[in-house]
1. Multiply the residue separation of residue 122 and residue 44 by 0.36 nm, subtract the distance between their alpha-carbon atoms, and state the gained length in nm to one decimal.
2. Describe numerically, in nm with one decimal, the distance between label points set 7 Å from Cα along Cα→Cβ at residue 110 and at residue 65.
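Every number here is computed from the coordinates shown, using simple stated rules; none is lab data. Note that the structure is predicted; figures quoted are calculated from it, not measured. We place every Cβ from the backbone using ideal geometry, glycine too, and count neighbours over all the protein chains shown.
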Amino acid sequence: MFGKSLSIVYWLGNSLVLNITNKCSQGFLIDKGREIIKELKALSVNKISVGLNAQDKETHNQVCKSAFNNAFESILEFIEKAKVAFDIEVTAVAIPEIDASRIEDVTRKMGAKFRVREYMPCYW
């Protein structure tokens, strides 16, 4: 999964601002042992947006329904490691199940920017 994302980044070129979604920030779980951050840096990526749509593990498991039980922790690990090399923005979708202020607290303590995204329901 993550390999395809890197292939697209390589194809698009060096001036890219990359938006890494929640699933790709779980790359440490998907591609164990792969040097994802080094690979992104080598592709001249300079900004990463990471979706963190829960304030804790329990809420994350309920809302995001990840295939990985430790996905929440993996996303936090990705943010911690990536913030050293990239401009990181953490976002959360404004849904009733989350506490955006608590997510913002977690994000700020990690030294990353935070933004709440509007929930846009499907119309089909």
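1. Result for the pair: 24.7 nm of gain on full extension.
2. According to this spin-label approximation, the distance is 2.4 nm.
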